Amino acid sequence: MSWTSKTTIALAVIVGAAALAGIAIPLTNQPEFCAGCHTIAPSYQSWAKSSHKDISCVACHVRPGLHGWLTDKVLAGVKDATIAFLGTPTEAHNLKATVDSGVCLSCHRHILRVSEIASRDLPLPVKEVGLVVSHRQHMEAFTVRGQGEGCTTCHAGVVHDEPIKGYPIVIPRGHVSADSKPWYPLYPEGSSLRTRALSDCFRCHDGKMQHDGKVLDRKCDTCHSPEKISGALLFN
């Protein structure tokens with residue numbers, strides 16, 4: 001085979017690969033493509049009625065840049081597809097996914113300046129007791145702990161969980177472990193989702209754990225507005 005023929009074949013392969021990528025990348029970026037896997041279907045359904053329904057799956061689950069695209073989309077996608085077709089797919093309630101805090105903060109960076117959540121942004125009954133949370137302090141504490149914690153440590157269910165205790169929307173897990181049946185039976189005993197559900201604020205604010213030389217207590221006014229919590233039944 002002549003040099004010219006080899007060059008022609010090489011160019012044809014490159015052009016073909018580029019054309020295929022040009023079709024495949026936009027296609028696989030669509031949430032509907034993700035929903036084609038029966039394991040992901042429940043996650044798609046919850047996303048479709050969530051506050052993030054106008055944001056694509058890849059916008060949160062794939063970090064920006066070439067490294068993020070190769071790691072979070074290409075490699076993870078090939079692994080998931082291989083398991084789906086050749087192995088045993090993970091049950092929906094045992095799926096685990098990671099959303100990098102940098103992705104969250106690319107849209108929500110203003111939250112780092114917030115210490116008290118405006119009552120207009122709180123659902124009942126939280127509106128009645130207020131919410132005091134320094135997001136910056138929590139992010140700094142997570143960094144010091146070095147255990148891979150971040151935004152989704154508290155907000156993991158904002159897109160794919162169901163509201164509990166009559167709340168109209170999904171809110172961060174406050175003291176869910178005080179409820180004997182959080183998310184049950186949607187999240188079976190021993191499942192990853194049930195374990196995550198029980199990892200609420202009390203996981204750290206247990207009256208024993210320390211940060212920066214101070215004990216993280218469980219006093220109501222640590223998280224709720226002191227002037228509002230008098231007489232409030234926070235554990236109903």
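Of the candidates SER177, SER225, the single residue that is farther than 30 Å from GLU91 by Cβ and surrounded by fewer than 18 Cβ atoms within 10 Å (Cβ to Cβ) is SER225. When residues in region 81-118 are screened for being small (Gly, Ala, Ser) and more than 19 Å from ALA35 (Cβ to Cβ), 6 of them pass. Take the residues in region 82-97 that are surrounded by 14 or more Cβ atoms within 10 Å (Cβ to Cβ) and of a type in the set (S, T, N, Q); name whichever of them is nearest to HIS160 (Cα to Cα). Result: ASN94. Pick from region 197-236 the residues that are among the basic types (Lys, Arg) and over 20 Å from ALA156 (Cβ atoms): which of them is modelled with the lowest pLDDT? This residue is LYS228. For region 109-137, a residue qualifies if it is under 23 Å from the mean Cα position of the chain (by Cα) and in a helix (DSSP H, G or I), and the qualifying residues are ARG109, HIS110, ILE111, LEU112, ARG113, ASP121, VAL126, HIS135, ARG136, GLN137. Check whether at least one residue in region 165-178 is in contact with a Pro (Cβ under 9 Å, 6 or more places away or on another chain), under 23 Å from LYS96 (Cα atoms), without any contact (Cβ under 8 Å) to a residue 24 or more places away in the chain and not basic (Lys, Arg), and report yes or no. The answer is no, given that none of the residues of region 165-178 is in contact with a Pro (Cβ under 9 Å, 6 or more places away or on another chain), under 23 Å from LYS96 (Cα atoms), without any contact (Cβ under 8 Å) to a residue 24 or more places away in the chain and not basic (Lys, Arg). Looking only at region 194-212, which residues are over 24 Å from LEU95 (Cβ atoms) and of a type outside the set (A, V, I, L, M, F, W, C)? Hits for region 194-212 are HIS205, ASP206, GLY207, LYS208, GLN210, HIS211, ASP212.
Where helices (runs of 4 or more DSSP H) fall entirely within region 53-95, none has at least 1 residues that are touching a Lys or Arg at 6+ places or on another chain (Cβ under 7 Å), of a type in the set (A, V, I, L, M) and in contact (Cβ under 8 Å) with a residue 40 or more places away in the chain. Scanning region 122-138 for residues that are over 22 Å from ARG109 (Cα atoms) and crowded, with 18+ Cβ neighbours inside 10 Å yields VAL126, VAL129.
Condition check ((1) out of contact with any helix residue (DSSP H, G or I) (no Cβ under 6 Å at 6 or more places or on another chain); (2) in a strand (DSSP E or B); (3) more than 30 Å from ASP54 (Cα to Cα)) across all residues:
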{"site": "PHE142", "(1), (2), (3)": "yes, no, no"}
{"site": "GLN147", "(1), (2), (3)": "yes, no, yes"}
{"site": "GLY157", "(1), (2), (3)": "yes, no, no"}
{"site": "GLY166", "(1), (2), (3)": "yes, no, no"}
{"site": "ILE169", "(1), (2), (3)": "yes, no, no"}
{"site": "PRO172", "(1), (2), (3)": "no, no, no"}
{"site": "PRO185", "(1), (2), (3)": "yes, no, no"}
{"site": "GLU189", "(1), (2), (3)": "yes, no, yes"}
{"site": "THR195", "(1), (2), (3)": "yes, no, no"}
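Can you tell me which residue within region 8-60, out of those that are at pLDDT below 65 and β-branched (Val, Ile, Thr), is nearest to ALA76 (Cα to Cα)? Applying the filter and picking the extreme gives THR28.
Selection of region 51-99 for residues being in contact with an Asp or Glu (Cβ under 9 Å, 6 or more places away or on another chain) and of a type in the set (Gly, Ala, Ser) yields only GLY68.
The values are calculated or read from the model by the stated rules, or taken from the named source; none is laboratory data. What you see is a predicted model; the values in this text were computed from it and never measured. Note: ideal-geometry Cβ built from the backbone for every residue, glycine included; neighbour counts use all protein chains shown.
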